[in-house]
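The values are calculated or read from the model by the stated rules, or taken from the named source; none is laboratory data. Because the structure is predicted, anything quoted here is derived from the model rather than measured. Reconstructed Cβ throughout: ideal geometry from the backbone, glycine too, with neighbour counts over all protein chains shown.
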Amino acid sequence: MENQPMIRLSRPFTWPKTFIITGLLVGLLLSVFCLVRQIAPARGQINLAVGHPQAPDFPADFTWINTPVPLSFQHQLKGQVVLLDFWTYGCINCIHILPGLDFLQHHFAGQPFIIIGVHSAKFTNESTVNNIRQAVLRYRIDHPVIVDEHMRIWNDYGVDSWPTLVLVSASGHIVGSVDGEGNRRVLEKAIAKTLQRDKANGTLAAAPLQLPREHAMLTASGLLFPGKVLADPRSRRLFIADTDHNRIVIAGWPNAMGHTRLIAVIGNGLAGAVNGPAHQAEFRQPQGLALDGNTLYVADTNNHLIRAVNLHTLRVSTILGTGRETFDFTGGGVGTTQGINSPWALAARGHTLYIAMAGEHQIWKMNLQTRQAHAFAGTGAEGLVNGSCAAAELAQPSGLCLHRNHLYFADSENSAIRVINLQTRRVSTLVGRGLFTFGDRDGPARQALLQHPLGLALLGRRLLVADTYNHKLRTINLHTRIVGTFLGTGRPGTGTPGGPLEFYEPGGLSVADGWIFVADTDNQRILMINAKTKSWHELAIMGLTAPRSHRPQQEVRTTGAIGQRAVTLTASSAIALRIDLKLPPQTHLTPGIPVTLRVTDGSHILIQQSVDPKGHARISFVFRPMPDQIKLLAGSWHVGVFYAYCTDGHGSVCKPSHLRWVVPVTLSPHGAHVLLLHP
C-alpha cells in the first residue's frame, strides 16, 4: 500500500470522566486540544517501546464482545502474544486493515497469539455497546473486542490516532506499535520474532487461547446489513445492495403493503471478484448503485472495483479498478488498469459516472465510453476545506445526489452535506463544520448538526438525508437552507406498524413515484414510506432467503417446523401473534438486534415485521390485514421468527436463532384475536 491518508491527533486527548457531553461540545474540545493531519506512509518497521514497559491491564468492569469472559494480562492472556487494534467502526482506515488482521490471525493459527480490538469511539453513536456489536457482526470480526469507555484504555496506552496497533509480549510487556495502514508485513515479522523470543525465554504458553465468536445473523427479510437501495419507476424494479451477503437483489415494484416478489439475485454470496453469470459472480460488501439504461453499476466497495451488471443477460463485468486498494489521488488511467479505493456511492448522468471514493476522501469521474477515470474533487487530504475542486478537502464521502448542475454529497466523517457546482467546479458546504463537530440539531443550516450521514436523495425542493448515526431522516430546504427532522426519534429502534417509525443506522435512500425507499441497514430491512402521509411498511420479498454460504452451520438454536393445532382467527379486526422464545438459562436477547417475523402461506407473504424486544423474551406482533388479504389468510401459516441471544456477564458471545411453526388457520367473524406460539 502507499500514501495512506488517515486522522492523527497531535497528542492524546483525555476524555472527561463524566461522559454527559453533546457531540458539539466534544467537537469544540477536540478542535481546541488536537491537530488533525495526514499521517506519513508506513515506515517499514515497528516503533519499539523504550524500556518495554508493562502493558496496562484492562478495566475489570468494561464490556467485551466475542468472549464469554473478560480478558486480563494477569490471567487468560498470560503467556499469549497479544496485538491490540485501537479502532472506531466508522473509520475507513480501520475498516481497511481488517483483512490484514484476518491474515495475521490465520497465519499464526495454532500458536499462542491473539488479536484484541479496543474500540475507542470517535462519534457519540459509536460508543454504544449495541452499535459496536452490530459493527462486529457487519465486518465479521472474529477476535475479542473490548468497549473502551471514555477512551480510558486509549489514554492508558498514549494512543493518538485511528488505527493504532500495539504489540504485547507473552510476559505482558509492550514490544512496540505502528499506526495507519499498510503495516501487515511489518507486524507479521514482529509477531514472529516475539513468539520466537518468548518461547526461548520460557514465557510463551503451550497453546493459544480458544474463544467462541459471534455468528452471522438470521433475518426474516433475507437481507444482511443492506447498504444502499435504488428504485426505478420506469422498469418497476428495486435494486438492493445486500451488502453483507455480497450480492445485489432485484425485486419487483411492491404493492401498498410493501410486498413484492424476487426477480433475480446477482452474486452467489461468496466474497470475491469473479465476473460472469449471476449465479457465479462474486462481490465483496457492495454499496452504491447507479442505473443507466439496461446497465446497473455497482460500487464493489471492499474489492475496490466498479462493476457493471447487464440487466438483459444478468452477467457481471468489471469496468474500473485493479482489485487492490490504491492511493492514487490523480488518476487518469483506463478501466482495470486504474486502481481505486473503497468506492461507496455512485451517480450517473449521460456518459459520466460520479464516484464517492470514501477511501481517498475524493469524488471521481469516469467516462463510461472510454472508461477513463480521474479525481474530480478533493486533494486526498482528510478535512473540510471549500473552494475549487482541485483544492477542496473532503472526509469519507459516502452518498451522492445529482440535481441540475449540482452534485450533492454526504461527507460522512465531517458530518456534513456538501455540494459541487458542476459548472464552476467549486465545492461548498450546506451543513457541517468539520471532523470533530457533530450532533443532532435542526434549524438554519449554519447552526444545524448531523452525525455521520451516509445517504442522500432529492425530495421535491428538499434534500433528504440519511442521518445515519442519529437514526433519522432529515431534510434540507434548498431555498431556505433550513434543516428539519423528517422521520425518526433519534434513538435506534424499529417502530411499530401504524405508529412512529424508528431507524437503526439508515445508510441508503431512493425516492420515486411518491415513495421513499430506505436501506435501514442495522435493522436488516428496506422500508417503503409514503412521502406525503409518512405511512410506512417493511419491504417483504417473496422468494428471498440468505445465500447458502451465509447460513450458520453450527451453534445455532433452531428447530424444525413445529406443528400446531388448528386455530380459528378473527376476520374482522387486528390479530396479535404472541411468541414465548424460552431462552436458554443465563442468556438474554441481544440488545439492539430486532426480533423479526415472517408468515407465508407458501406462495404469498402474509406478514413481515420487526420489533425491538427491549429485553423481553415474550414478543407480540400485531397484524392488521388489508381487505384484499383476507381471502389469503385461511390455510396453512408458515411462521418463522428470527432473533439472537447472548450469554450473561461482562464478557458475552451472541448466537442467532430461528424458530418455525406450521399453523392451520380458519377465519370467522367471532374467531380469536390472539395466536399464542411457543417452542
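Against the condition buried (at least 19 other Cβ atoms within 10 Å of the Cβ) and closer than 19 Å to Ala377 by Cα, how does Ser428 come out, does it pass?
Working: buried (at least 19 other Cβ atoms within 10 Å of the Cβ): no; closer than 19 Å to Ala377 by Cα: yes.
Considered against the rule, which asks whether it is buried (at least 19 other Cβ atoms within 10 Å of the Cβ) and closer than 19 Å to Ala377 by Cα, Ser428 comes out as no.
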Subject >> Failed item, numbered, when Ser177 is tested on (1) over 28 Å from Ala271 (Cα atoms); (2) in a helix (DSSP H, G or I); (3) in contact with a Phe, Trp or Tyr (Cβ under 9 Å, 6 or more places away or on another chain) >> reply: (2)
Original post:
Taking the stretch 88-140 as the search range and keeping residues that are of a type in the set (Ser, Thr, Tyr) and assigned to a helix (DSSP H, G or I), which one is farthest from Leu77 (Cα to Cα)?
Top reply: Thr124
Subject >> For Met528: the one exception among (1) without any contact (Cβ under 8 Å) to a residue 40 or more places away in the chain; (2) of a type outside the set (Phe, Trp, Tyr); (3) not in a loop (DSSP other than H, G, I, E, B) >> reply: (1)
Original post:
Has the stretch 121-141 got any residue that is outside the structural domain of Asp612 (by TED's automatic domain parsing), crowded, with 17+ Cβ neighbours inside 10 Å and within 27 Å of Val50 (Cα to Cα)?
Top reply: no
**OP:** State the number of residues belonging to the stretch 41-55 that are in contact with a strand residue (DSSP E or B) (Cβ under 9 Å, 6 or more places away or on another chain) and either at pLDDT below 80 or closer than 28 Å to Ile92 by Cα (or both).
**Re:** 8
**OP:** Give the residues of the stretch 389-410 that are closer than 22 Å to Arg446 by Cβ and either among the hydroxyl-bearing types (Ser, Thr, Tyr) or touching a residue at least 40 places away in the same chain (Cβ under 8 Å) (or both), sorted by residue number.
**Re:** Ala395, Pro397, Gly399, Cys401, His403, Leu407, Tyr408, Phe409, Ala410
**OP:** Kindly indicate whether any position in the stretch 70-83 is touching a residue at least 12 places away in the same chain (Cβ under 8 Å), hydroxyl-bearing (Ser, Thr, Tyr) and within 30 Å of Pro492 (Cα to Cα).
**Re:** no
Original post:
What residue, of Gly488, Gly495, Gly499, is modelled with pLDDT under 95, over 17 Å from the mean Cα position of the chain (by Cα) and surrounded by 19 or more Cβ atoms within 10 Å (Cβ to Cβ)?
Top reply: Gly495
Original post:
Could you say which residue among His650, His616 is outside any strand (DSSP E or B) and under 17 Å from Lys582 (Cβ atoms)?
Top reply: His616
Original post:
Which condition does Arg234 not pass, out of (1) under 30 Å from Leu632 (Cα atoms); (2) surrounded by fewer than 24 Cβ atoms within 10 Å (Cβ to Cβ); (3) under 25 Å from the mean Cα position of the chain (by Cα), if it passes all the others?
Top reply: (3)
Subject >> Test: Val599 is surrounded by fewer than 20 Cβ atoms within 10 Å (Cβ to Cβ) and either among the aliphatic types (A, V, I, L, M) or farther than 19 Å from Gly498 by Cα (or both) >> reply: no
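Per-residue answers, yes or no, for (1) assigned to a strand (DSSP E or B); (2) under 25 Å from Arg213 (Cβ atoms); (3) without any contact (Cβ under 8 Å) to a residue 60 or more places away in the chain; (4) among the basic types (Lys, Arg):
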| residue | (1), (2), (3), (4) |
| --- | --- |
| Leu632 | no, no, yes, no |
| Tyr643 | yes, yes, no, no |
| Cys646 | yes, yes, yes, no |
| Pro656 | yes, yes, no, no |
| Leu659 | yes, yes, no, no |
| Val663 | yes, no, no, no |
| Thr666 | yes, no, no, no |
| His670 | no, no, no, no |
Original post:
Does the stretch 154-174 hold any residues that are out of contact with any Pro (no Cβ under 7 Å at 6 or more places or on another chain) and either β-branched (Val, Ile, Thr) or part of a strand (DSSP E or B) (or both), and which are they?
Top reply: Ser161, Thr164, Leu165, Val166, Leu167, Val168
